[in-house]
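The next block holds one structure in the form of C-alpha cells; read it before the comments.
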Amino acid sequence: MPIDINLLPTSYNLQEVRVKKNKQLERLSIIALSLMIFLVAGVFLAWNIQSRRLVQIKAEVESLEEQVNGYKDIDGKVQILKAKLTSITTIVNRDPKFETSLGILSGLLSSSQVFLDDLSISENQKVTFGASAPTSSEASMFFDLFKSDSQSKQIFADATLDAITGAKDGSYKFSISASIKK
Amino acid sequence: MFISQINLLYRQYRGYIVLFLVVVVCLVIGWLFMLPKLSEALSIQEAVSDGQQRKIALESKLKELAFYSQDESILDEKLRQVDLSLPYDKQVGGLIFGIESLAQESSLSAKAIQMAPGVINPLSKSTTGKAGQVEVQVTFEGSIADIQLLVSKIKSARRILTLKSISLVANSKTGGLAESTIPMIAYFQSAPSNLGDAAMPLPKLSSQDLDLIDTLSRFKVYTSVGQINISGKANPFVK
C-alpha cells in the first residue's frame, strides 16, 4: 500500500497560515514603526534639552568671565609675581661656586709661601691660576696641598700642574688648572 | 485581470509589503532626520561638558581672585619685594650705582664699567617667558680677599646678579693689589602683554615662593652711592 508523504497543508490551511503570517508581520511593522517614532522623539528631546542647557551654560560662563575680567589687575599681579619667583629660583639655583673656589684658594695660598700671579674662573667651571714660589719644591708642595686638602678635594677635580719654570727674580713660576665639581 | 492579480498578490504578501515599507520609512527618517539631529545633540553635549569644565575653572579662579582682592596691599608688597630683585626693565642706572656701591663696601674700586650688548629676550610677551639679561663687565682693583668679599656680597644683594667668570692679575706695582675683570649678569622681567584665557588657572604661590620672598626681603639694596647732586648747565655745547 502506497504511503502519502505530502506534508503540505491543504489549500484551506495554506490560506489560514498566510493570513496568520501577514498579521504577525503587520504587528512587527507596527512595533518597528512605534520604536522608530519613540527613538526620533527621544533624539529630538535630548537635542532640545542639551540645546537649552548649552544656552544656560554659555550665559553662566559669560557672566563668570565678566566677573574674572573685573579682577584683571590682580590676575596680572599674581601671574607676574609667580613668573618672577620662578625666574629668580632658576637664577639663584645656578650658583657657580665662585665664592667657595676663591675662599679655598685664598686659604691655601695664605698657608703657604706661594703668591698668586693671575687667576681665572671661567663660565664652564674651570679654574686656572698662575703662581710664584720661592723654590721649586715649594711649588710642588703647594700642588700636593691643592690636591690633598680636604676642602679643596670637595670642590676641585682633575687638577693638573704645568711645568715649573725659573723666573729672572729667582722665583719659580707654575700654573695649576682644575675643574670645579658640580 | 492584471489588477486582480496584483490584488491577489497584495493579499497574499501584505505583511511583507507593509514591513518593507516600514523599513524604508524608518531608514529615510533615520538618514534624513535622526542621524543629523543625533550628531548635533552629541556635539552640543560635548560643548555643554566643555562649558561645565570652563565654568568650574572660572568659579575656582574667581574665588582665588576674590581672596587676593580682600587685601590687595599684601600682594602689592610681595610684588614690590620681588621687583627689587628682578625689575620690570633693565634699570641700568640703578644697576651701575649698585655695583659701585657693592665695590665700595668691599673696599674695591671699580675702574671701568662696560655694558655688554648681550641682551637676551628683551621683552617677554607672556609670564612664562624667561627673564631678560643685561651683562656688565666691571674691572676692579683690590686684594683677593676684597674680591672674595664682593662675591659674597653679590650673593646677598637685593637685585639678582650672577657672575659669568672671574679673571684677575696680581700687580706687584700696586703692592699686591689685583686687577680683576668680572662680567656680571643682571636680570629683568617685563610684565605680560596679555593675561591669556580668563579660565586659565591662577598660578599657585607655594610655601617655597613665600620663603623666597622672605629671604629676598632680607637682602641688602644697593642702588645709589651717597647723595648725587646734579646741577646741570644752560648751554650743553659750551664749557
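Full extension of the chain between A:SER175 and A:ALA163 yields a length gain of 3.6 nm, computed as 0.36 nm times the residue separation minus the alpha carbon distance.
Cross-link reach is defined here as a Cα-Cα straight distance under 17 Å, omitting same-chain residues fewer than 8 places apart; for B:LYS164 the lysines meeting it are A:LYS97, A:LYS126, A:LYS181, A:LYS182, B:LYS153, B:LYS155. Here's the picture: charge each Lys and Arg Cβ at +1 and each Asp and Glu Cβ at -1 in chain B, and of B:ILE144, B:GLN5, B:SER85 the one pushed furthest to the positive end of that dipole is B:GLN5.
Note on B:LYS55: lysines with a C-alpha under 28 Å away, same-chain residues under 8 apart excluded, are A:LYS58, A:LYS72, A:LYS77, A:LYS82, B:LYS37, B:LYS63, B:LYS125, B:LYS204.
Rounded to the nearest 500, the helix-only mean residue ellipticity at 222 nm of chain A stands at -21500 deg cm²/dmol, with each DSSP H run of n ≥ 4 adding -39,500 (n - 2.57). Couplings for region B:183-193, taken from phi via the Karplus curve 6.51 cos²θ - 1.76 cosθ + 1.60 with θ = phi - 60°, read x, 10, 10, 9, 10, 8, 9, 7, 6, x, 7 Hz in order; Gly and Pro are left as x. Among B:LEU9, A:LEU25, the ranking by other beta carbons within 10 Å of each residue's beta carbon, starting with the fewest, stands as B:LEU9, A:LEU25. Bridgeable aspartates and glutamates around A:LYS173 (alpha carbons under 13 Å apart, same-chain partners fewer than 8 residues away excluded): A:ASP117, A:ASP118, A:GLU138, A:ASP162. Using only side-chain charges placed at the Cβ, +1 for Lys and Arg and -1 for Asp and Glu, the dipole size of region A:1-145 relative to its Cα centre rounds to 1540 debye.
Derived scalar couplings between HN and Hα for region A:87-102 equal 4, 4, 4, 4, 5, 5, 6, 8, 7, x, 6, 5, 4, 4, 4, 5 Hz in order, rounded to whole Hz, by the Karplus curve 6.51 cos²θ - 1.76 cosθ + 1.60 (θ = phi - 60°), x for Gly and Pro.
List the residues whose amide H sits under 5 Å from the amide H of B:ALA116, counting only those 5 or more places along or on another chain, with H placed 1.01 Å from N in the peptide plane. Here the answer is B:GLU135, B:VAL136, B:GLN137, since their amide H atoms fall under 5 Å of that of B:ALA116. Coupling constants for region A:55-64 follow from the phi torsions by the Karplus curve (6.51 cos²θ - 1.76 cosθ + 1.60, θ = phi - 60°), and in residue order they are 4, 4, 4, 4, 5, 5, 4, 4, 5, 5 Hz; glycine and proline get x. Spin-label model, A:PHE115/A:THR135: points 7 Å from Cα along the beta carbon direction are separated by 1.9 nm. If R0 is 25 Å, the Cβ-Cβ spacing of B:ASP71 and B:GLN208 corresponds to a FRET efficiency of close to 0.70. Scanning chain B for long hydrophobic helices, with DSSP H runs required to stretch 24 angstrom or more by C-alpha along their axis and to average at least 0.5 on the Kyte-Doolittle scale, returns B:2-29. Annotation note: GluC sites (Glu not before Pro) in region A:64-145 located in DSSP loop regions with a Cβ neighbour count of at most 14 within 10 Å are A:GLU123. Note on A:LYS72 and B:GLN5: with the Förster distance fixed at 56 Å, the Cβ-Cβ geometry gives a FRET efficiency of about 0.10. Selection among A:SER177, A:ASN22, A:SER51 by position relative to the dipole of chain A gives A:ASN22 as farthest towards the positive end (Cβ unit charges, Cα centre). Taken about its Cα centre, region B:24-104 carries a charge dipole of about 380 debye when Lys and Arg each add +1 at the Cβ and Asp and Glu each add -1 at the Cβ. Ordering A:ALA131, A:LEU39, A:SER87 by the projection of their Cα atoms onto the charge dipole of chain A, which places +1 on the Cβ of Lys and Arg and -1 on the Cβ of Asp and Glu, puts A:LEU39 at the extreme positive end.
Largest GNM mean-square fluctuation across B:GLY196, B:GLY15, B:GLY94, computed for chain B with C-alpha springs under 10 Å, falls on B:GLY15. What chymotrypsin sites (Phe, Trp or Tyr not before Pro) does region A:88-158 have in DSSP loop regions with at most 14 other beta carbons within 10 Å? Hits after loop and neighbour filter: nothing returned. Using a simple spin-label model with pseudo-atoms 7 Å out from Cα toward Cβ, A:LEU45 and B:LYS130 lie 6.1 nm apart. The dipole here belongs to region A:65-145: it is taken about the Cα centre, uses +1 on the Cβ of Lys and Arg and -1 on the Cβ of Asp and Glu, and is about 180 debye.
Label separation (A:ILE31 vs B:ALA47): 3.9 nm, computed from points 7 Å beyond Cα along the C-beta direction.
Amide H to amide H distances under 5 Å link B:LEU177 with B:ASN171, where only residues 5 or more positions off or on other chains count and H is placed in the peptide plane. Averaging the Cα positions of each part gives two centres, and for region B:155-223 and region A:84-108 these lie 11 Å apart. Given their separation in residues at 0.36 nm each and the Cα-Cα distance between them, B:GLN12 and B:VAL28 gain 3.1 nm when the chain is fully extended.
Quick note: the coordinates plus some simple rules give every number you see, no bench work behind them. These numbers come from a predicted model, not from an experiment. Cβ: placed from backbone, ideal geometry, glycine included. Neighbour counts: every protein chain shown.
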